[in-house]
1. Please count how many residues of segment 20-46 are part of a helix (DSSP H, G or I) and either surrounded by fewer than 12 Cβ atoms within 10 Å (Cβ to Cβ) or at pLDDT below 85 (or both).
2. Looking at (1) in contact with a His (Cβ under 8 Å, 6 or more places away or on another chain); (2) within 22 Å of HIS160 (Cβ to Cβ), which one does THR112 not meet, given that it meets all the others?
3. Only one residue in GLY199, GLY147, GLY159 is in contact with an Asp or Glu (Cβ under 9 Å, 6 or more places away or on another chain) and either farther than 30 Å from ARG3 by Cβ or not aliphatic (A, V, I, L, M) (or both). Which one?
4. Looking at segment 6-41 only, could you name the residues that are among the polar types (S, T, N, Q) and touching a strand residue (DSSP E or B) at 6+ places or on another chain (Cβ under 6 Å)?
5. Residues of segment 157-197 being under 21 Å from PRO228 (Cβ atoms), in contact with a Gly (Cβ under 9 Å, 6 or more places away or on another chain) and not in a strand (DSSP E or B), which ones?
6. Out of segment 198-208, which residues are in contact with a His (Cβ under 9 Å, 6 or more places away or on another chain) and either in a loop (DSSP other than H, G, I, E, B) or buried (at least 21 other Cβ atoms within 10 Å of the Cβ) (or both)?
7. Say we look at segment 210-258 and pick out the residues that are among the small types (Gly, Ala, Ser) and over 23 Å from PHE71 (Cβ atoms); which of these is surrounded by the fewest Cβ atoms within 10 Å (Cβ to Cβ)?
8. State whether the residues of segment 74-86 include one that is at pLDDT below 95, among the charged types (D, E, K, R), over 25 Å from SER124 (Cα atoms) and outside any strand (DSSP E or B).
Amino acid sequence: MTRIATVNYHVHKPYRQAFELDAGGISGNLVAPELVSTAVTLEDTRATTNTVTFAFDAIEFMPLKTQVQDFARDAWKPTYDAELTSMLLDRLSVCEVVVFDHTVRTDDPGATRKPARNVHSDYSKDGAEQRLVDLLGAETAAEWAQGHYAFVNVWRPVGHPINSAPLGFVCPSSVDPSDWILLDLIYPERKGQIMGLVGNPEHEWIYQSKMTPDEVAIFNIYDNRGLPSIAHSALDMVEDPNVTTIRKSIESRTLVRY
């Protein structure tokens, strides 16, 4: 089954573009580069016989219940980190997991963190290598870099099934290397680097419809041994116009060692 959604692609420029987060010291204030609104056709993984797996497609959808009922404040983090660690150790056959960041996003104009509506992947090669050092320190990072490591995102709906602005993904096999551009990510206290995706009619989009809080998407955002980073974005679309629940989700960034 195919659906139509709108996404915001990046555009090629003769200079380096950037996102500035919490610009001017104002929490939630975002200055973004130029984006182009584009209608795309996407395939619902619930309605196809094609199996999507992390090992081959850099994305996988799976059931994963959690004991956490409320993602406010910080008391839930040890429980949730343990759940994600256990799942990744088992599912990806890794030997070590570092859960280092959680972002709750709410599709509301007043929210501090809203769904990311630009087609991107979270780290460039340089950005990932710097983040590895930031997290582990130079000596341990150098040790990890001699082996196989990756950054993996785990995304989950919160509170209700996703009815609007679901998360969509571009199949890596449909992306030309020239579609990627480097983008600086400027925070008040540090600077990172991500990758943005420029539009291409060859892109094949997928998503999983009406994901529930008992389901997650696991997707690759950098792998030093070559598993592709997967471009993703919130999709401007609505599953059922009669449902009015606000889209809320939590994404957790993890560092794994194979």
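1. Result for segment 20-46: 3.
2. Every condition holds for THR112 apart from (1).
3. Unique residue meeting the criteria: GLY199.
4. Result: THR6, ASN8, GLN17, SER37, THR38, THR41.
5. Residues of segment 157-197 that are under 21 Å from PRO228 (Cβ atoms), as a first pass: 167-183, 185, 192-197.
Within this subset, residues satisfying the condition of being in contact with a Gly (Cβ under 9 Å, 6 or more places away or on another chain) are 179-183, 185, 192-195.
The one that is under 21 Å from PRO228 (Cβ atoms), in contact with a Gly (Cβ under 9 Å, 6 or more places away or on another chain) and not in a strand (DSSP E or B): ASP179.
6. The first filter runs over segment 198-208 and keeps only residues in contact with a His (Cβ under 9 Å, 6 or more places away or on another chain), leaving 198-199.
Result: GLY199, single match.
7. Looking at the filtered set, the residue picked out is GLY226.
8. yes
The values are calculated or read from the model by the stated rules, or taken from the named source; none is laboratory data. Remember, predicted model here, so these are calculated numbers, not experimental data. Every residue, glycine as well, gets a Cβ built from its backbone with ideal geometry; the counts of neighbours run over all protein chains shown.
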